[in-house]
1. Those residues that are free of Cβ contacts under 8 Å to residues at least 60 places away in the same chain and surrounded by fewer than 19 Cβ atoms within 10 Å (Cβ to Cβ), I need them from the stretch 97-113; list them, please.
2. Which members of the stretch 118-133 meet the condition of being part of a helix (DSSP H, G or I) and either hydroxyl-bearing (S, T, Y) or surrounded by fewer than 13 Cβ atoms within 10 Å (Cβ to Cβ) (or both)?
3. It is to be established whether one or more residues within the stretch 75-91 are surrounded by 11 or more Cβ atoms within 10 Å (Cβ to Cβ) and not in a helix (DSSP H, G or I).
4. Run down I30, I53 and say which single residue is closer than 27 Å to V122 by Cβ and at pLDDT 85 or above.
5. Could you check F34 against (1) under 24 Å from R7 (Cα atoms); (2) surrounded by 15 or more Cβ atoms within 10 Å (Cβ to Cβ) and say which number it fails?
6. If A94 satisfies every condition in (1) within 30 Å of S6 (Cα to Cα); (2) touching a helix residue (DSSP H, G or I) at 6+ places or on another chain (Cβ under 8 Å); (3) aliphatic (A, V, I, L, M); (4) without any contact (Cβ under 8 Å) to a residue 24 or more places away in the chain but one, which is the exception?
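The values are calculated or read from the model by the stated rules, or taken from the named source; none is laboratory data. What you see is a predicted model, and the numbers here were worked out from it, not measured in a lab. Here the Cβ positions follow ideal geometry from the backbone for every residue, glycine too, while neighbour counts run over all protein chains shown.
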Amino acid sequence: MRSLVSRAMFPDRPPTKSDVLMIFVAIILILSAFPLGDAAWEWIVVGFVLGLIGMGPVAQSPIGKEIGATFQAIGVAGRIVVMSILIVPTIAVAVTLPRMFVGLSIGILAVFPLYVVGHLIVAGEIDGWRVDPKP
């Protein structure tokens with residue numbers, strides 16, 4: 001039986017191999033793609049909190065699940081269009097407010113490894129991989 005907290009934070013499925021791969025991708029991006037010296041720590045904290053809320057309770061809410069289902073239903077071409085539209089304000093923020101952008105990006109990316117590890121602990125398995133308790 002899943003606790004109220006785990007139901008509010010994690011999906012009703014075990015993490016996939018792609019989810020686990022995101023741990024390494026996020027760490028590599030944080031360490032290599034963003035100049036940590038240009039980051040403002042207050043924006044890193046804001047990005048981390050926003051990422052944690054967005055990946056947990058918001059994503060598991062009825063509205064979050066509906067948005068996720070719609071995003072899957074529009075297909076690859078539709079997702080490319082949506083992401084193309086969202087990239088314009090993202091680039092605008094990156095160019096006009098680089099310290100804020102770097103800090104938010106690092107904070108949001110820092111959530112991925114912690115979230116996936118928490119999801120692994122709650123699920124006890126990776127989708128398709130099971131640990132055999134017997135030697």
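1. Within the stretch 97-113, L97 is the sole residue that qualifies.
2. Of everything in the stretch 118-133, just one residue is part of a helix (DSSP H, G or I) and either hydroxyl-bearing (S, T, Y) or surrounded by fewer than 13 Cβ atoms within 10 Å (Cβ to Cβ) (or both), namely I121.
3. No: zero hits.
4. Numbers: I30 fails: at pLDDT 85 or above.
Just one listed residue meets the conditions, I53.
5. With (1) under 24 Å from R7 (Cα atoms); (2) surrounded by 15 or more Cβ atoms within 10 Å (Cβ to Cβ) applied to F34, the lone miss is (1).
6. Against the list (1) within 30 Å of S6 (Cα to Cα); (2) touching a helix residue (DSSP H, G or I) at 6+ places or on another chain (Cβ under 8 Å); (3) aliphatic (A, V, I, L, M); (4) without any contact (Cβ under 8 Å) to a residue 24 or more places away in the chain, A94 comes up short only on (1).
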